[in-house]
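See below for the structure under consideration.
The values are calculated or read from the model by the stated rules, or taken from the named source; none is laboratory data. Quick caveat: nothing in here was measured; it's all calculated off a predicted structure. Here the Cβ positions follow ideal geometry from the backbone for every residue, glycine too, while neighbour counts run over all protein chains shown.
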Amino acid sequence: MSNSAFEQVTVLPMDEHNQKLVSYVHPNDWVNPQPANCYDLVVIGAGTAGLVVAAGAAGLGLGLKVALIEKHLMGGDCLNVGCVPSKCIIRSARVVGQMLKAAAFGINPPETIEVDFPTVMARMRKLRAAISHHDSAQRFQNLGIDVFLGAGRFLGNNAIEVGGKTLKYKKAVIATGARAVRPKIEGIEEAGFLTNETVFSLTERPKRLAVIGGGPIGCEMAQAFSRLGCKVILFHRYSHLLNKEDTDAAEIVQTNFIREGIELVLDSQIQRVEKTPEGKTLYYTCNGQTELVTVDEILIGAGRAPNVEGLNLEAVGVEYDRASAALRDRNGVKVNDYLQTTNPKIYAAGDICMNWKFTHAADAAARIVIKNTLFSPFGLGRSKLSSLIMPWVTYTDPEIAHVGMYEHEAKERGIEVNTIKILMSNVDRAIADGETEGFVKIHHKQGSDKILGATIVAPHAGEMISEVTTAIVNKVGLSGLSGVIHPYPTQAEAIKKAADAYRRTLLTPTSKKILGLLTKFS
């Protein structure tokens with residue numbers, strides 16, 4: 001039985017893998033249920049934040065009535081156009097990167113590395129479809145949640161309309177996420193461009209690819225597509241890639257990009273784009289000169305805009321950043337530290353309202369919302385967004401992982417800080433792996449072992465940063481980390497080396513002399 005109350009969707013190319021994906025996350029034969037008389041909680045948006053809120057509320061065993069609304073694909077950006085597809089492609093690209101370095105390990109690689117681009121993309125689609133059942137409409141219905149496919153909009157009197165049906169609620173959560181910014185560059189709309197929402201639909205490799213934006217998304221995609229055989233030109237309006245990151249970390253990535261043949265155009269501004277018989281021509285300024293380059297495709301990797309349109313937020317007194325639709329990286333829906341909007345019955349979580357636009361940040365925020373909407377009315381306390389310790393990773397090769405404060409942030413807050421830096425070239429496992437570019441850098445409060453923040457640069461920095469995050473969350477200082485036995489040889493031993501370096505600063509001259517003797521005869 002078909003249901004015309006919501007838009008039918010396709011995900012290109014509509015092969016067997018994407019058909020499977022759609023059958024899970026937006027089944028076109030889905031029939032929206034009859035609404036309950038009143039819901040304890042209605043969630044708009046079935047990305048990470050929305051899914052976690054809905055599943056968490058329904059799974060409490062309290063018999064709560066929960067509704068979940070999604071107008072496009074359940075799973076949101078993460079499953080469909082973000083974390084999952086990008087990491088599948090990055091994994092294929094890393095194989096190429098390893099083959100390029102094979103000679104250093106005594107392995108003779110082929111003279112020409114042949115990349116089967118259509119197969120790389122098919123692999124991504126297959127794996128994405130295999131994962132998608134976790135976010136499926138049917139699974140959430142089986143959890144006891146009323147799933148409505150269609151665009152939700154607020155009405156007055158604590159009600160939301162979707163697909164011609166009215167859902168009344170006691171509490172509501174806005175989790176509609178964000179989207180890629182459409183750049184205001186003359187001619188680019190006519191020429192056509194890719195974003196994270198369309199690049200994963202490619203089936204043929206573009207020979208020449210311009211990437212606009214040298215932040216995390218732009219850098220990840222630039223390196224991946226370069227390794228997969230595209231001639232990549234990366235435009236960035238600042239003088240250095242990843243300009244918000246630790247300078248030493250960004251320098252390593254930038255040097256690697258140059259070594260791998262990615263053309264960097266820094267301090268640049270795209271003026272206009274023209275579609276020509278040869279391709280898409282970008283006219284740009286750099287170092288005071290106007291130049292041009294012609295490519296086959298343009299990928300926009302800069303800026304996110306929260307999805308505030310169409311929600312009719314004015315009807316329920318929810319304030320939001322009205323400029324967010326046009327300008328990048330705006331905050332969207334305004335919330336307090338408890339993720340409560342200006343309407344006390346409505347909360348928000350995820351990219352729609354947060355500066356941290358990460359899947360794990362949306363997950364953490366959703367847990368705050370569950371507690372604050374369902375538990376705090378019973379006197380069980382409230383959780384704050386500001387209490388979160390948030391790590392993040394840029395999945396270039398090597399990766400950059402960070403948690404806590406940067407050194408300059410600590411100084412700006414008036415905190416005296418010391419920094420310990422351990423080069424991966426001093427870590428035995430990194431030497432054995434041939435992965436000596438990188439470091440572990442830990443900032444601690446001067447005169448204390450309290451960890452303020454850390455940056456790690458290594459091929460698997462994202463796997464390593466959690467140890468430091470755990471230490472910060474549980475108030476374990478460098479002295480405590482120094483007492484943790486790390487298996488030898490591992491690259492994570494760099495963290496212990498940093499902790500040991502701190503402990504050595506506490507030694508008296510006599511202790512240092514004794515330690516030197518012990519080291520000499522061990």
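Numbers below:
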| quantity | calculated |
| --- | --- |
| Failed condition for Gly480, given (1) part of a loop (DSSP other than H, G, I, E, B); (2) at pLDDT 95 or above | (1) |
| Residue in region 410-417 that is part of a helix (DSSP H, G or I) and either in contact with a Cys (Cβ under 6 Å, 6 or more places away or on another chain) or touching a residue at least 40 places away in the same chain (Cβ under 8 Å) (or both) present | yes |
| Which listed residue, of Pro27, Pro110, is free of Cβ contacts under 8 Å to residues at least 24 places away in the same chain and assigned to a loop (DSSP other than H, G, I, E, B) | Pro110 |
| Of the criteria (1) out of contact with any helix residue (DSSP H, G or I) (no Cβ under 8 Å at 6 or more places or on another chain); (2) closer than 30 Å to Cys88 by Cβ, which one Tyr395 fails | (1) |
| Residues of region 223-261 classified as assigned to a strand (DSSP E or B) and either in contact with a Phe, Trp or Tyr (Cβ under 8 Å, 6 or more places away or on another chain) or loosely packed, with under 15 Cβ neighbours inside 10 Å (or both), total | 3 |
| Residue check, Thr436 among the polar types (S, T, N, Q), touching a strand residue (DSSP E or B) at 6+ places or on another chain (Cβ under 7 Å), surrounded by fewer than 21 Cβ atoms within 10 Å (Cβ to Cβ) and in the same structural domain as Thr470 (by TED's automatic domain parsing) | no |
| Filtered residue count, region 79-107, keeping only those that are assigned to a helix (DSSP H, G or I), out of contact with any helix residue (DSSP H, G or I) (no Cβ under 6 Å at 6 or more places or on another chain) and not hydrophobic (A, V, I, L, M, F, W, C) | 6 |
| Which listed residue, of Leu68, Leu60, is surrounded by fewer than 17 Cβ atoms within 10 Å (Cβ to Cβ) and closer than 22 Å to Ala362 by Cα | Leu60 |
| All positions within region 331-364 that are in contact (Cβ under 8 Å) with a residue 40 or more places away in the chain, over 18 Å from Cys83 (Cα atoms) and out of contact with any strand residue (DSSP E or B) (no Cβ under 7 Å at 6 or more places or on another chain) | Asp337, Tyr338 |
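Condition check ((1) within 27 Å of Gly215 (Cβ to Cβ); (2) among the hydroxyl-bearing types (Ser, Thr, Tyr); (3) modelled with pLDDT of 95 or more; (4) not assigned by TED's automatic domain parsing to the domain that holds Ser23) across all residues:
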{"residue": "His134", "(1), (2), (3), (4)": "no, no, yes, no"}
{"residue": "Arg139", "(1), (2), (3), (4)": "no, no, yes, no"}
{"residue": "Val147", "(1), (2), (3), (4)": "no, no, yes, no"}
{"residue": "Ala151", "(1), (2), (3), (4)": "no, no, yes, no"}
{"residue": "Gly156", "(1), (2), (3), (4)": "no, no, no, no"}
{"residue": "Val162", "(1), (2), (3), (4)": "no, no, yes, no"}
{"residue": "Lys170", "(1), (2), (3), (4)": "no, no, yes, no"}
{"residue": "Ala175", "(1), (2), (3), (4)": "yes, no, yes, no"}
{"residue": "Gly192", "(1), (2), (3), (4)": "yes, no, yes, yes"}
